[in-house]
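The values are calculated or read from the model by the stated rules, or taken from the named source; none is laboratory data. Small disclaimer: the values here were computed from a predicted structure and weren't measured. As a convention, Cβ positions derive from the backbone with ideal geometry for all residues, glycine included, and neighbour counts pool all protein chains shown.
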Ligand code: UDP
């Protein structure tokens, strides 16, 4: 087999491993993907009629405080100065998200100072104030008090996860900052922006190297393929970024995932909602949010005759659906431990990325973790023969 390394999946994790292995280590890399395009869920394309760039698998916002990752991604694309801000429509009124002093004062029809608002939220968090809860429900109440939790988090989370918030990890809600200032930036990171000429141009540049052979429409689990699991494992080192349970043929049971359905609509108006993302936290609206893609690139000269919106619906993934979010209930965590043990026994196969580690990684985290895998596992193996074994799928 005329390749040094097989990378299964061409999302940001796989692309980063392939790029480093080819350019830095001089390896011949074969990267396969079962989809007809590379880039995983970060892939985007221009909507035919309007030319507006649409993120095919839901909106992707790049942000990081990791200097190494920022320097790395800037080798492949420049970033715009887009700063993500989200609004949320609750009972006929629009509020800024994440919850900040503006949200608090609008919700309570008040003009609290930062100190007064903190005091109020502490009271409203009741017995959970000052604690360190491990589940999303208690963490949410502890962070913002019960009334704000019930207005903006409870039903949104219900629609997004369809899992009792008490059964979800607190880390999901800790993704969102709570601010006692009027700063309504969605992310806290040092660096933020969108690729100037689109996600796909960025992702294709990462794979554009003579040592990288990209094979699309190629399923790792189809034994008739040259680079199938049956043909490559044990022959060539593999970096696998697909779902970890699928790799082991679901031997320890199915891990639960959320998938999303995106309904795209082109409207004959210039502007539908005046912003890129509007959340819908009420129980009586079936979708979680609406994206309007023109607002991600105000610097572009898009048509004024039409706009593209996408309604996002969330549900449990069945077999055959695209997995997006690891649900990560306590049963899932038990199964994951069993899969990690299996992964350790799988020599010359490394597991990475959101699907391969069953972790809610953002793009910059997937890239950072791929760079670490190259440093800690792949480079030592190819330069000094260190064994290529996974220390567990969490690495
Ligand atoms: N969330 C919420 N209300 C909102 C926005 C977020 O309750 O208006 C909660 C919800 O549980 C969600 C989590 O915060 O799953 C993380 O939100 P984020 O926007 O980071 O999710 P992503 O953009 O990755 O889907």
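Conditions (1) crowded, with 19+ Cβ neighbours inside 10 Å; (2) at pLDDT 95 or above; (3) under 15 Å from residue 218 (Cβ atoms), marked per residue:
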{"position": "1", "(1), (2), (3)": "no, no, yes"}
{"position": "11", "(1), (2), (3)": "yes, yes, yes"}
{"position": "15", "(1), (2), (3)": "yes, yes, no"}
{"position": "28", "(1), (2), (3)": "no, yes, no"}
{"position": "33", "(1), (2), (3)": "yes, yes, yes"}
{"position": "36", "(1), (2), (3)": "no, yes, yes"}
{"position": "42", "(1), (2), (3)": "yes, yes, no"}
{"position": "46", "(1), (2), (3)": "no, yes, no"}
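Residue 286 meets the conditions (1) surrounded by 13 or more Cβ atoms within 10 Å (Cβ to Cβ); (2) over 27 Å from residue 35 (Cβ atoms); (3) away from the ligand (no atom under 14 Å from the Cβ) in every case but one. The failed one is (1). Pairing each residue of the stretch 206-220 that is in a loop (DSSP other than H, G, I, E, B) with any residue that is modelled with pLDDT under 95, provided the two are 6+ apart or on different chains, yields C-beta distances under 6 Å for 218/225.
Among the residues that make up the stretch 344-352, is at least one of them within 16 Å of the ligand (Cβ to nearest atom) and modelled with pLDDT of 95 or more? Within the stretch 344-352, none of the residues are within 16 Å of the ligand (Cβ to nearest atom) and modelled with pLDDT of 95 or more. Return a yes/no flag: does the stretch 104-121 have any residue that is within 29 Å of the chain's Cα centre (by Cα), within 16 Å of the ligand (Cβ to nearest atom) and not assigned by the TED database to the domain that holds residue 204. Yes, the stretch 104-121 contains a residue that is within 29 Å of the chain's Cα centre (by Cα), within 16 Å of the ligand (Cβ to nearest atom) and not assigned by the TED database to the domain that holds residue 204. Selection within the stretch 139-156: residues that are under 24 Å from the mean Cα position of the chain (by Cα) and farther than 17 Å from residue 91 by Cβ. The member of this set that is surrounded by the most Cβ atoms within 10 Å (Cβ to Cβ) is 140.
Within the option set 265, 312, 299, being over 23 Å from residue 339 (Cβ atoms), out of contact with any helix residue (DSSP H, G or I) (no Cβ under 7 Å at 6 or more places or on another chain) and within 16 Å of the ligand (Cβ to nearest atom) holds for one residue only, 312.
Looking at the stretch 184-202, is at least one residue in a helix (DSSP H, G or I) and within 16 Å of the ligand (Cβ to nearest atom)? Yes, there is a match, as at least one residue in the stretch 184-202 is in a helix (DSSP H, G or I) and within 16 Å of the ligand (Cβ to nearest atom).
Determine whether residue 157 is within 12 Å of the ligand (Cβ to nearest atom), in contact with a strand residue (DSSP E or B) (Cβ under 8 Å, 6 or more places away or on another chain) and not in a loop (DSSP other than H, G, I, E, B). No, not satisfied. From (1) more than 16 Å from the ligand (Cβ to nearest atom); (2) in contact with a helix residue (DSSP H, G or I) (Cβ under 9 Å, 6 or more places away or on another chain); (3) part of a loop (DSSP other than H, G, I, E, B), pick out the condition that doesn't hold for residue 48. Going through (1) more than 16 Å from the ligand (Cβ to nearest atom); (2) in contact with a helix residue (DSSP H, G or I) (Cβ under 9 Å, 6 or more places away or on another chain); (3) part of a loop (DSSP other than H, G, I, E, B) one by one, residue 48 breaks only (2). For residue 321, the criteria (1) more than 15 Å from the ligand (Cβ to nearest atom); (2) surrounded by 17 or more Cβ atoms within 10 Å (Cβ to Cβ); (3) under 18 Å from residue 11 (Cβ atoms) hold in every case but one, which is (2). All of (1) under 30 Å from residue 13 (Cα atoms); (2) within 15 Å of the ligand (Cβ to nearest atom); (3) in contact with a helix residue (DSSP H, G or I) (Cβ under 9 Å, 6 or more places away or on another chain) hold for residue 88 with one exception: (1). State which residue is surrounded by the fewest Cβ atoms within 10 Å (Cβ to Cβ) when the search covers only the stretch 297-318 and only residues that are under 17 Å from the mean Cα position of the chain (by Cα) and within 23 Å of residue 96 (Cα to Cα). Among those residues, the one meeting the criterion is 313.
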